[in-house]
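K.L.:
Below you will find the structure I want to go over with you.
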Amino acid sequence: MRVGVYVDGFNLFYGGRGLCGRSVPGWRWLDIRKLSQQLIENQSGWNDSEVSRVVFCTARISGSLNQDGQKRQDVYLRALTRFQSVDEVSLGNYVFRTTKAPLALPDRHGRPLLTRPRWPIMIKEERGPIRPDTIFMASVARREEKGSDVNVASHLLIDTMDDRIDAALVVSNDSDLAYPLREMRKRIPVAVINPTSKQTAGKLKGLPYEGVGRHWWYQLKISDFIDAQLPDQIGKLTKPANW
């Protein structure tokens, strides 16, 4: 069985950071192909399967905003390609812009709860009463990666249509992938790998036997990252310090 692997790179990175720790070394220099093969062997029940194609979807970090981050990312992407840990790096866009939004705090489910005026700070009209029903607005800087979810879905669809794969392993917890994954489960077995510490998005869940069947779901653990690392040295490329 030929298994295609499709990775949302930013979802994987920030998920790993949440699981393993921001300042903890030993997890970032991840061998995507090795991780995928280990998951298939240990979790899937897909007999006689091998990783035949790995697509890593990400976006280039802006050097003007984060020069060190850009250098580390560049080294990692070149290492993935040089070591043949991935077959294709598919690039979206990384944007930095300002946006206006109401102030809010998360409720116990993580949903936004709008912040309302209350003493000792209230809002009063110039010639009118105090207005406790108003909301605070803020203009904030926002960095956002665009396109990885679309690229994941597109590569998965094209590879299935071109008969390049017999099953798919998708690494993401982005609920925007719900529809393409639901459609793919009608055609090929699909594994959804949640790389974050959060619960798997409800829209990404399903039944193992729906469609063609043999689907499965898995949430990454710290040990999955630690046990699938690239060699420290790949040609002239060296793992960044504290990675």
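K.L.:
Which one of the conditions (1) without any contact (Cβ under 8 Å) to a residue 60 or more places away in the chain; (2) of a type outside the set (S, T, N, Q); (3) not in a strand (DSSP E or B) does Arg78 fail to meet, given that it meets all the rest?
P.N.:
(1)
K.L.:
Name the residues in the range 217-242 that are modelled with pLDDT under 95 and surrounded by 13 or more Cβ atoms within 10 Å (Cβ to Cβ), would you? Give the derivation first.
P.N.:
Step one: of the range 217-242, the residues modelled with pLDDT under 95 are 235-236, 240-242.
Within the range 217-242, just Pro240 meets the criteria.
Residue-wise test of (1) at pLDDT 95 or above; (2) open to solvent by less than 90 Å² (accessible area, probe 1.4 Å); (3) of a type in the set (D, E, K, R); (4) within 20 Å of Lys236 (Cα to Cα).
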position: Ser44; (1), (2), (3), (4): no, yes, no, no
position: Val55; (1), (2), (3), (4): yes, yes, no, no
position: Ser62; (1), (2), (3), (4): no, yes, no, no
position: Asp68; (1), (2), (3), (4): no, no, yes, yes
position: Arg82; (1), (2), (3), (4): yes, no, yes, yes
position: His109; (1), (2), (3), (4): no, no, no, no
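K.L.:
Considering each residue of the range 170-216, count those that are under 16 Å from Gly15 (Cα atoms) and open to solvent by 60 Å² or more (accessible area, probe 1.4 Å), and give that number.
P.N.:
Number satisfying all stated conditions: 3.
K.L.:
Still on this structure, I have one more. Name the residues in the range 89-103 that are modelled with pLDDT of 85 or more, part of a strand (DSSP E or B), over 15 Å from Val150 (Cα atoms) and open to solvent by 60 Å² or more (accessible area, probe 1.4 Å), would you?
P.N.:
Lys100 - this is the single residue of the range 89-103 that is modelled with pLDDT of 85 or more, part of a strand (DSSP E or B), over 15 Å from Val150 (Cα atoms) and open to solvent by 60 Å² or more (accessible area, probe 1.4 Å).
K.L.:
Going by the structure shown, is Trp27 of a type in the set (Phe, Trp, Tyr), more than 20 Å from Ser154 (Cα to Cα) and in contact with a Gly (Cβ under 6 Å, 6 or more places away or on another chain)? Before the answer, list the steps.
P.N.:
On the way: of a type in the set (Phe, Trp, Tyr): yes; more than 20 Å from Ser154 (Cα to Cα): yes; in contact with a Gly (Cβ under 6 Å, 6 or more places away or on another chain): yes.
Yes: the conditions hold for Trp27.
K.L.:
Would you tally the residues in the range 1-29 being in a strand (DSSP E or B) and within 14 Å of the chain's Cα centre (by Cα)?
P.N.:
4
K.L.:
When you scan the range 220-227, do you find a residue that is in a loop (DSSP other than H, G, I, E, B), more than 21 Å from Cys57 (Cα to Cα), without any contact (Cβ under 8 Å) to a residue 60 or more places away in the chain and touching a helix residue (DSSP H, G or I) at 6+ places or on another chain (Cβ under 9 Å), even just one?
P.N.:
No, there is no match, as no residue in the range 220-227 is in a loop (DSSP other than H, G, I, E, B), more than 21 Å from Cys57 (Cα to Cα), without any contact (Cβ under 8 Å) to a residue 60 or more places away in the chain and touching a helix residue (DSSP H, G or I) at 6+ places or on another chain (Cβ under 9 Å).
K.L.:
Right, another one. Only residues in the range 9-34 that are among the basic types (Lys, Arg) count as the first member; pair them with residues that are part of a loop (DSSP other than H, G, I, E, B), Cβ under 8 angstrom, at least 6 apart or cross-chain, and list the lot.
P.N.:
Correct list of pairs: Arg28/Pro240; Arg28/Trp243; Arg33/Gln84; Arg33/Ser85; Arg33/Val86; Lys34/Ser85; Lys34/Ala228.
For every residue, the table says whether it meets (1) touching a residue at least 40 places away in the same chain (Cβ under 8 Å); (2) open to solvent by less than 70 Å² (accessible area, probe 1.4 Å); (3) under 22 Å from Asp8 (Cβ atoms).
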residue	(1), (2), (3)
Leu114	no, no, no
Ile121	no, no, no
Glu126	no, no, no
Ile135	no, yes, no
Val152	yes, yes, yes
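K.L.:
Which of the residues that make up the range 165-196 are outside any strand (DSSP E or B), closer than 19 Å to Gln38 by Cα and either modelled with pLDDT under 95 or in contact with a Leu (Cβ under 8 Å, 6 or more places away or on another chain) (or both)? Steps first, please.
P.N.:
First, pick out the residues of the range 165-196 that are outside any strand (DSSP E or B): 165-166, 172-189, 195-196.
Those left that are additionally closer than 19 Å to Gln38 by Cα: 165-166, 172, 189, 195-196.
If the condition is that a residue be outside any strand (DSSP E or B), closer than 19 Å to Gln38 by Cα and either modelled with pLDDT under 95 or in contact with a Leu (Cβ under 8 Å, 6 or more places away or on another chain) (or both), then Ser172, Pro195, Thr196 are the ones that fit.
The values are calculated or read from the model by the stated rules, or taken from the named source; none is laboratory data. Bear in mind that the values here come from a model prediction, so they are computed numbers and not experimental data. Note that we place each Cβ from the backbone using ideal geometry, even for glycine, and neighbour counts take in every protein chain shown. Quick note on the areas: whole protein, heavy atoms, side chains included, nothing else; ligands and nucleic acids left out. Shrake-Rupley method; radii C 1.70, N 1.55, O 1.52, S 1.80 Å.
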